[in-house]
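K.L.:
Handing you a structure now.
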Amino acid sequence: MLERSKCSNMGILSNIISKVKNMHIYKYIFVNKTHLSPKYFGDLVKIHTGITAQEFIRQYLKPRQKNRLLDGHSTINEVAYSFGFKYPQHFVLFFKRNVGCTPKEFQQ
């Protein structure tokens, strides 16, 4: 079934991903907004990209987070909140794990 409906699902996938701010809440966003189950969304991502949904979202968020940190108008806390992190410390850990340095180190 997933193979037959690739074209229509790719549009759904693109629309969903464009609205994602935080990979930790993606399952709830997809279930509530699109009526797709987390498993079905994960399957769509895997079929169309070859990577897991979490990795896909990380790759999607990384350049956007970097740009926000370098824009000079936002503090690290503001960037963290804008990407859906409840606590800036969680954003710092997420960023360090995915980029290899802290947001402060990245800005310098």
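K.L.:
For residues that are outside the structural domain of ASN98 (by TED's automatic domain parsing) and not in a helix (DSSP H, G or I), tally how many sit in the range 38-83.
P.N.:
3
K.L.:
Hey, another quick one. Can you tell me which residue within the range 79-102, out of those that are exposed (fewer than 13 other Cβ atoms within 10 Å of the Cβ) and farther than 17 Å from GLN54 by Cα, is nearest to the chain's Cα centre (by Cα)?
P.N.:
That would be LYS86.
K.L.:
Now for a separate question. For the range 37-65, give me each residue that is of a type in the set (Lys, Arg) and more than 16 Å from LEU93 (Cβ to Cβ).
P.N.:
Once the filter is applied, which keeps residues that are of a type in the set (Lys, Arg) and more than 16 Å from LEU93 (Cβ to Cβ), the range 37-65 yields LYS39, LYS46, ARG64.
K.L.:
Could you list, in sequence order, all residues of the range 41-57 that are buried (at least 17 other Cβ atoms within 10 Å of the Cβ) and not hydrophobic (A, V, I, L, M, F, W, C)?
P.N.:
Hit for the range 41-57 is GLY42, nothing else.
The values are calculated or read from the model by the stated rules, or taken from the named source; none is laboratory data. Remember, predicted model here, so these are calculated numbers, not experimental data. Positions of Cβ are backbone-derived with ideal geometry, glycine not excepted, and every protein chain shown enters the neighbour counts.
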